[in-house]
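Just so you know, all these numbers are worked out from the coordinates, no wet-lab data involved. Keep in mind it's a predicted model, so treat the numbers as computed, not measured.
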Amino acid sequence: METLHPVLVILIGLVLRLAVPVALTVLIVYLLGMLDARWQAEARDEEKAIAVDQMPCLKNEELSIEQMKLRMALSDQPCWQAQRSQSGYLNEACLDCEVFLSAPAHTSHSHVNI
């Protein structure tokens, strides 16, 4: 009976020293995984909301060139900028669009010639 008590104390010590930290680590990893999944879902939803708010292709709306230019002037960015791919490439349909071809080139104001 006297040897049972020290063995029990050692086993309880091992459980407290090893099993509890491992269990807490597993629980934290699980909770962080759930948090990451939630953040990824929110990011996907935000991307969808941004895509809905972007200016649609003006050529597909069958507007006249003047109406397209007016809509483009009222927007923060032209439709070909809003329709860029995630890698930054322009949409193929934009390359031969009349509005894109007749748009003025962007000039940089960082270099001033005196």
- Item | For the stretch 54-103, the Rg and Dmax computed from alpha carbons only, in angstrom | 10.1, 30
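Once you order the gyration tensor axes a ≥ b ≥ c over the Cα atoms, which shape class does the stretch 1-53 get: rounded for a/c under 1.5, otherwise prolate or oblate by comparing a/b with b/c? Display every interim value, and only then the final one.
Numbers: a/c = 13.46, a/b = 10.13, b/c = 1.33.
Since a/c reaches 1.5 and a/b is larger than b/c, the shape of the stretch 1-53 is classed as prolate.
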